[in-house]
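Before any comments, here is the structure.
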Amino acid sequence: MNKKIVVFASGSGSNFQAILNAIDAGKLQAVVTGLVVSNPKAGAIQRASSKRIPVYIHDQKGFKSEVFATEHLIQNVSNFGADLIVLAGYLKKIPSKFIELYRNRILNIHPSLLPKYGGLGFYGIKVHEAVLANGEVESGCTIHLVTDEYDEGPILAQKKVAVYITDSPEDLAARVLQQEHELFPTIIQEYLYKK
Ligand code: GRF
């Protein structure tokens, strides 16, 4: 039976789309049972709707306390049913209690060669700006297990790209993203079915 994954995404959801495409192509034996977004305008919502994948919009501010918000998140994800949680550009911190509950079952993708350019403040275009500002000659993406420390969990895979002197942050972001789309579904498949 196909394994169940729940995807968390706050942005355009191009990685989410790559996962859906890999499933359609038979390269990833999984079913996406739900999408969690932190932002009601996330592009990922439309991608989920076109596949009739249920969406939970987790608006932390809408709850009277953090504890309450976490309980709600846990309940909704549990209703979806998940063998694995996949963070594909989710911009909010995952609560410790959630991480504990899904220990070793949460993967994240980060657009740099961790441990470089990871941690608080390194997200989105800021990562690529910093890589260029430091004159790096290579960058890439990293897939890692999620622990309580931002971007510090055990690394499962990395893919490198060249950085060119003429690159804008957007050029570099696009080159890295292309690798993300190939690497993420592959590693999800490997991780789901590892012995
Ligand atoms: C990706 O660069 C990913 O590495 C990071 O957030 C971005 C999400 O992009 N965590 P998208 O929404 O999948 O296009």
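The values are calculated or read from the model by the stated rules, or taken from the named source; none is laboratory data. In this text the structure is predicted, and so the values were computed from the model without any measurement. As a convention, Cβ positions derive from the backbone with ideal geometry for all residues, glycine included, and neighbour counts pool all protein chains shown. With ligands, DNA and RNA removed, areas are computed over all heavy atoms of the protein, side chains included. Shrake-Rupley method; radii C 1.70, N 1.55, O 1.52, S 1.80 Å.
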Enumerate the calculated ³J(HN,Hα) couplings along the range 96-113 in order (Karplus 6.51 cos²θ - 1.76 cosθ + 1.60, θ = phi - 60°), each rounded to whole Hz, writing x wherever the residue is Gly or Pro. 4, 5, 5, 4, 4, 5, 10, 3, 6, 10, 10, 10, 10, 10, 10, x, 8, 8
So the angle from the long Cα axis of helix 169-192 to the longest Cα principal axis of the chain, reported in degrees to the nearest 10, equals 50 degrees
Longest span of the chain, sites excluded, free of chymotrypsin sites (Phe, Trp or Tyr not before Pro) in DSSP loop with at most 16 other C-beta atoms within 10 Å? 64-163
List every residue whose amide H lies under 5 Å from the amide H of residue 153, counting only residues 5 or more places away in sequence or on a different chain, with H placed 1.01 Å from N in the peptide plane. 147
With both partners inside the range 3-192, how many of the DSSP beta bridges are antiparallel, as a percent to the nearest 5? 40 percent
Between 37, 77, 67, which gets the highest mean-square fluctuation from a Gaussian network model of the chain, Cα cutoff 10 Å? 67
Using a 1.4 Å probe on the protein heavy atoms, what percent of the accessible area of the range 1-91 belongs to carbon and sulfur? 50 percent
Rg [Å, one decimal], Dmax [Å, integer] - the range 27-158, C-alpha atoms: 15.7, 47
Near residue 51, which lysines are there with a Cα under 24 Å away, not counting those fewer than 8 places off in the same chain? 3, 4, 27, 41
To the nearest 0.05, how large is the calculated FRET efficiency for residue 75 and residue 29 if R₀ is 22 Å and r is the Cβ-Cβ distance? 0.20
State, to one decimal in nm, how far the label point of residue 133 lies from the label point of residue 93, with both points 7 Å from Cα in the Cβ direction. 2.2 nm
Hey, what do the phi angles of the range 148-162 turn into as Karplus ³J(HN,Hα) couplings, whole Hz, using 6.51/-1.76/1.60 and θ = phi - 60°, x for Gly and Pro? 5, 8, 3, 6, 10, x, x, 7, 9, 6, 9, 9, 9, 9, 7
Can you spot the aspartates and glutamates whose alpha carbon is less than 16 Å from residue 116's alpha carbon? Ignore those fewer than 8 places along the same chain. 129, 136, 138, 149, 151, 152
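In deg cm²/dmol and to the nearest 500, what is the mean residue ellipticity at 222 nm of the chain if only DSSP H runs of at least 4 residues count, each as -39500 (n - 2.57), divided by the residue total?
On the way: 6 runs with 71 residues, N = 195.
The per-residue figure over the chain is -11500 deg cm²/dmol.
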Please compute the modelled spin-label separation between residue 103 and residue 171, points set 7 Å along Cα→Cβ, answer in nm with one decimal. 4.6 nm
Suppose all protein chains stay in the model; what accessible area per residue would a 1.4 Å probe give for the range 3-192, in Å²? 50 Å²
Residues of the range 160-195 with amide N under 20 Å of the 7 Å Cα→Cβ point at residue 4: 188-194
